[in-house]
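One structure is given below, encoded as structure tokens.
Every number here is computed from the coordinates shown, using simple stated rules; none is lab data. Please read these numbers as outputs of a predicted model, since none were measured by experiment. Virtual Cβ from ideal backbone geometry, glycine too; neighbours counted across all protein chains shown.
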Amino acid sequence: MSSAPFDNFQLELSAQSQSLLALALFGIMLSVALNLKPEHFRAIAKQPKVFVSGVSAQILGLPLLTYCLCMALNPHPSLALGMLIVACCPGGNVSNLFSMMGGGNSALSVAMTATSSLFAAFLAPATILFWTSLYSPTAELLDSIDLDVAKFLMQTFVLLAIPLMIGMIFRHFYPNIAERIYKPVSLAAFFLLLAIIAAGTFKQWNDFMNLGIWVVGLAVLHNALAFLIGNMAARLASADVPSRRAITIEVGIQNSGLAIIILLTQLSGFGGAAAIIVIWGTWHIVAGLTLVAIFKRQDRRRTL
């Protein structure tokens with residue numbers, strides 16, 4: 001397939017839409033902080049080996065796996081960029097719900113989401129630059145837009161860390177109010193992000209279709225390997241079944257909303273990268289629910 005569609009297509013948003021994206025990101029990170037509780041981290045003391053294994057798989061293992069997959073398949077640079085950005089983002093909050101539904105260790109799941117979100121707020125920009133610079137095609141792609149590294153690091157840090165710190169301070173001093181506004185803030189940010197992405201995708205639907213249906217297969221394969229590396233990490237740590245399920249789901253469910261915001265606000269919105277992230281964000285919900293169904297079926301068999 002010609003690389004022209006990938007080279008020529010960029011997801012374009014108006015200045016107003018980009019401002020709304022930044023607002024959605026603020027809301028997403030604020031809601032994470034508003035929901036942080038001391039008990040979320042007690043799973044660390046209870047199962048330190050399992051916790052470290054899961055977090056390592058998510059923060060180090062998934063980006064490394066993604067890099068190796070890019071080396072093996074040699075996708076177009078913009079597709080590889082999307083894959084690496086997703087891999088460097090924290091776990092998505094929906095993973096906590098899926099863990100609970102699938103009989104997983106909910107406390108461990110929440111602890112992993114909180115830890116990866118805190119890590120991402122301060123180090124995600126650096127890890128994105130590290131892995132994209134390590135893979136030469138994406139490094140050349142970012143060079144082509146003359147990326148200002150210092151500006152990227154500073155702006156992304158401000159976008160991620162400031163709302164997180166505000167939320168943590170607010171949670172500390174006004175826990176009851178934080179408890180009440182957590183869900184409304186989270187839902188508002190989610191639906192705002194969904195509306196902006198849907199509008200942009202609809203506007204450039206033909207451009208997305210020109211990228212090729214096989215891009216879906218690449219996103220599905222990448223996501224399946226993310227679930228697999230989570231499961232393998234849990235098994236290596238000799239995790240029990242509920243913890244193994246939690247880690248499997250946690251590593252496979254990434255914050256694709258954060259990934260698309262970083263791409264569109266900081267990295268020129270390359271169409272191939274946007275397509276991978278949007279497809280991932282849709283598919284990992286389908287895959288996660290499928291795993292939940294499998295886990296429930298396994299539980300029913302054990303009770304027979």
Sort out which residues of region 107-140 are crowded, with 17+ Cβ neighbours inside 10 Å and either touching a strand residue (DSSP E or B) at 6+ places or on another chain (Cβ under 7 Å) or under 21 Å from Ala239 (Cβ atoms) (or both), and write them in order of number.
Ala107, Leu108, Ser109, Val110, Ala111, Met112, Thr113, Ala114, Thr115, Ser116
Subset tally (residues that are in contact with a helix residue (DSSP H, G or I) (Cβ under 8 Å, 6 or more places away or on another chain), of a type in the set (A, V, I, L, M, F, W, C) and surrounded by fewer than 24 Cβ atoms within 10 Å (Cβ to Cβ)) for region 52-69
4
Quick check on my filter: what residues within region 162-203 are of a type in the set (S, T, N, Q) and either surrounded by fewer than 16 Cβ atoms within 10 Å (Cβ to Cβ) or free of Cβ contacts under 8 Å to residues at least 24 places away in the same chain (or both)?
Asn176, Thr201
For region 99-141, enumerate the residues that are of a type in the set (Ser, Thr, Tyr) and touching a residue at least 60 places away in the same chain (Cβ under 8 Å).
Ser99, Ser106, Ser109, Thr113, Thr115, Ser116, Ser117, Thr127, Tyr135, Thr138
Give the number of residues within region 92-101 that are surrounded by fewer than 23 Cβ atoms within 10 Å (Cβ to Cβ) and either under 17 Å from Leu159 (Cβ atoms) or more than 14 Å from the chain's Cα centre (by Cα) (or both).
3
Selected residue [crowded, with 20+ Cβ neighbours inside 10 Å, under 21 Å from the mean Cα position of the chain (by Cα), of a type outside the set (S, T, N, Q) and within 14 Å of Ala111 (Cα to Cα)] from Ala33, Ala24
Ala33
Checking Cys89 against (1) surrounded by 24 or more Cβ atoms within 10 Å (Cβ to Cβ); (2) assigned to a helix (DSSP H, G or I), which test does it fail?
(2)
Tell me, yes or no, whether region 273-280 has at least one residue that is touching a residue at least 60 places away in the same chain (Cβ under 8 Å), surrounded by fewer than 24 Cβ atoms within 10 Å (Cβ to Cβ) and not acidic (Asp, Glu).
yes
Could you count how many residues in region 221-261 are in a helix (DSSP H, G or I), under 19 Å from the mean Cα position of the chain (by Cα) and not hydrophobic (A, V, I, L, M, F, W, C)?
10
